[in-house]
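Below is one structure, written out as structure tokens, with a few remarks after it.
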Amino acid sequence: MTKKLRFSMPFPMLAFPLYLFARSPGKEGSHFNPNSDLFQPNEKKDVLTSTASWLAMIGVLAGLTFVMGPLKILKLYAIPYVIFVMWLDFVTYLHHHGHEDKVPWYRGKEWSYLRGGLTTLDRDYGLINNIHHDIGTHVIHHLFPQIPHYHLVEATEAAKPVLGKYYKEPEKSAPLPFHLLQVLSRSLKEDHYVSDTGDIVYYQSESETSTCAQSSD
């Protein structure tokens, strides 16, 4: 059985910004290229605007570094930026990993928009929910991305009876979501890669692969 690596944290904490340029291994396209397959033709102007704004910000940072010095910019911008990216990756990762029941990944004919949305996970971040604009209600966000953040909780409650067993209720959080550290730790031990073969696949660990290999001998 072949396997495809899916890097887990902390690697993406540092590599995530690089994905904007070249994406992850095995995928093509750049978020800065308006002709990339990632975008529709009518989005070309938006991509050009975004890229120009990004370059302008680089220019501003370069100018401020020259005026204020690199150490000051490191303290005021670079370190907060790295912390932000790490938290963003933590949140994104746990919306797609770490459930006690293995969450499937679909490919080819088995994939559909609905199936893809239902394999995401809601999370409760306690007092941080409002800071996140309730993005912990991630399932409904995937199914109906046009819903504004201030209606996500309401929409989630309305959708639960319809989704039934396909909705995975998140664990309630204390004021601060320390419980998610345990979820992250478990996921990093168990969710290492998915197989290159099959249209319905699940994350596996190296130990699971060894067990399967020994059973087939």
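The values are calculated or read from the model by the stated rules, or taken from the named source; none is laboratory data. Treat the numbers as computed from the prediction; the structure is a model and nothing was measured. All Cβ positions, glycine included, derive from the backbone under ideal geometry; neighbour counts span all protein chains shown. Just so you know, the surface numbers come from the protein's heavy atoms only, side chains and all, with ligands and any DNA or RNA stripped out. Shrake-Rupley method; radii C 1.70, N 1.55, O 1.52, S 1.80 Å.
A few points about this structure:
- Cross-chain or 6+ apart pairs with Cβ under 9 Å, region 195-216 first and at positive phi, then modelled with pLDDT of 90 or more and acidic (D, E): G198/E110
- Within region 156-187, the residues that satisfy the criterion of being open to solvent by 60 Å² or more (accessible area, probe 1.4 Å) and not in a loop (DSSP other than H, G, I, E, B) are E157, A158, P161, V162, K165, Y166, L181, Q182, R186.
- Cβ-Cβ distances below 6 Å connect the following pairs, each with a first residue in region 95-106 that is under 15 Å from E169 (Cβ atoms) and part of a loop (DSSP other than H, G, I, E, B), a second residue that is open to solvent by less than 80 Å² (accessible area, probe 1.4 Å) and aliphatic (A, V, I, L, M), and a separation of six or more residues or different chains: H95/L121; G98/V183; H99/L121.
- If you filter region 25-75 down to residues that are in a helix (DSSP H, G or I) and of a type in the set (G, A, S), you find that the one that is nearest to Y193 (Cα to Cα) is S50.
- Residue within region 71-85 that is open to solvent by 70 Å² or more (accessible area, probe 1.4 Å), assigned by the TED database to the domain that holds S195 and free of Cβ contacts under 8 Å to residues at least 12 places away in the same chain present: no
- Qualifying residue in region 110-119 (condition: buried (at least 16 other Cβ atoms within 10 Å of the Cβ), out of contact with any Phe, Trp or Tyr (no Cβ under 9 Å at 6 or more places or on another chain) and among the polar types (S, T, N, Q)): no
- Note on region 127-155: residues that are of a type in the set (D, E) and not in a helix (DSSP H, G or I) amount to 1.
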